[in-house]
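A.B. asks: This structure is in structure tokens; I'll ask about it shortly.
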Amino acid sequence: MSNCSLYKRRQEPSFFGGKEVLAEESKPAKEMGSEAAPPPKWASTPCIMGIDEAGRGPVLGPMVYGCMYCARSYQKTLSTLSFADSKTLKEEKREELFESLKTDESIGWDADVIDPRELSAKMLKKNKINLNEISHNSAIGLIQKALNFGVLLTEVFLDTVGDPEKYRVKLSERFPNIKFVVAKKADSLYPVVSGASIVAKVTRDRALRNWVLEETAEGLHKNFGSGYPGDPQTKSWLEDHKHSIFGFPSLVRFSWGTCTAYSKDLVEVLWESDANDEDGNGRSSKRQKKLTSVGFTTLKTKSEDIESSGKGRCKFFQARKLELLPQF
């Protein structure tokens, strides 16, 4: 971890600290700074960390968790740097503060960018991972990464996700040597969380600005507004960019209930179901039921059916387990 983290395009997906770094041509990926030993002041001096997120509610784009850390002795100075809840600041001010914290040798920071496809996949899979758990795991990952880097963390401040006390206990059990302060509106109470809020918000804003739409449909554009479900421009973008077969571009979190209203005109897609996705009575599991809500259902594999078995089918359709529909 470093105070000189940069953003760039990667040629191949890679892994850092057990999490996949985002791939080329899909979204911006973070490259950690120097992997050399941390500055002595962070390795031998008690440090504090703040953690906050941006993009939990939007139907478009990634969710980003950001952290900022510094020596405990730097707290008074930190309170004079004009950090505040990022939602209360104009974009220009957030960008200015982000650039200033990047050049401050007394501050370290990091960000975890969670792709919308990852969010949807985890929330719709058979053994679902809900948004709170995804959020907890991201925060835990940032703490663990700092410890692995050699930062002597003694206290961590977080904006709560779910019940504050339960979250605090969960973190304390995982990291017994660290004191945790979990609070609602922590980004407006603690400057170190305010700084983390700015890291998360600016990182997400830049990710959306630089997003490369993988799809090649005619008329595809990025004038999608804020990405929040209530934004008229976002609603209009979703309506204009839905596809009768493929649904939405990969920028969209299709697990969000917002997408259900747009799925009524989609073509029903029949998926071959693996044996372990059946409950033994021929009924589809909860995962398939959830997929039905966004226009997808499943079929049992019939060994006597050549098409269903995959024989003679194009590899493109085999890889995606697409089933031939005799008629619409």
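The values are calculated or read from the model by the stated rules, or taken from the named source; none is laboratory data. All of these numbers come straight from a predicted model, not from anything done at the bench. Glycine also receives a Cβ, built like all others from the backbone with ideal geometry; neighbour counts cover every protein chain displayed. With ligands, DNA and RNA removed, areas are computed over all heavy atoms of the protein, side chains included. Shrake-Rupley method; radii C 1.70, N 1.55, O 1.52, S 1.80 Å.
A.B. asks: Condition (residue is within 16 Å of the chain's Cα centre (by Cα) and either open to solvent by 20 Å² or more (accessible area, probe 1.4 Å) or within 24 Å of ALA111 (Cα to Cα) (or both)) applied to region 231-246: is it met by at least one residue?
C.D. replies: no
A.B. asks: Quick one: which of SER120, SER86, SER138 is among the hydroxyl-bearing types (Ser, Thr, Tyr), under 24 Å from the mean Cα position of the chain (by Cα) and at pLDDT 90 or above?
C.D. replies: SER138
A.B. asks: For region 199-218, name all the residues that are part of a helix (DSSP H, G or I) and in contact (Cβ under 8 Å) with a residue 40 or more places away in the chain.
C.D. replies: If the condition is that a residue be part of a helix (DSSP H, G or I) and in contact (Cβ under 8 Å) with a residue 40 or more places away in the chain, then VAL199, ALA200, LYS201, VAL202, THR203, ARG204, ASP205, ARG206, ALA207, LEU208 are the ones that fit.
Quick grid of which residues meet (1) crowded, with 17+ Cβ neighbours inside 10 Å; (2) of a type in the set (Ser, Thr, Tyr); (3) at pLDDT 70 or above:
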| position | (1), (2), (3) |
| --- | --- |
| ALA200 | yes, no, yes |
| ARG204 | yes, no, yes |
| LEU208 | yes, no, yes |
| LEU213 | no, no, yes |
| PHE248 | yes, no, yes |
| TYR262 | yes, yes, no |
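A.B. asks: Identify, from the list LYS145, LYS166, the residue that is surrounded by 17 or more Cβ atoms within 10 Å (Cβ to Cβ), not in a strand (DSSP E or B) and not polar (S, T, N, Q).
C.D. replies: Answer to the selection: LYS145.
A.B. asks: I'd like the full set of residues that are open to solvent by 40 Å² or more (accessible area, probe 1.4 Å) and in contact with a strand residue (DSSP E or B) (Cβ under 6 Å, 6 or more places away or on another chain), limited to region 148-163.
C.D. replies: If the condition is that a residue be open to solvent by 40 Å² or more (accessible area, probe 1.4 Å) and in contact with a strand residue (DSSP E or B) (Cβ under 6 Å, 6 or more places away or on another chain), then LEU152 is the only one that fits.
A.B. asks: Run CYS47 past the list (1) in contact (Cβ under 8 Å) with a residue 60 or more places away in the chain; (2) open to solvent by 10 Å² or more (accessible area, probe 1.4 Å) and report the number of the one that doesn't hold.
C.D. replies: (2)
A.B. asks: Kindly establish whether LYS93 is in a helix (DSSP H, G or I) and either open to solvent by 60 Å² or more (accessible area, probe 1.4 Å) or touching a helix residue (DSSP H, G or I) at 6+ places or on another chain (Cβ under 7 Å) (or both).
C.D. replies: Yes, satisfied.
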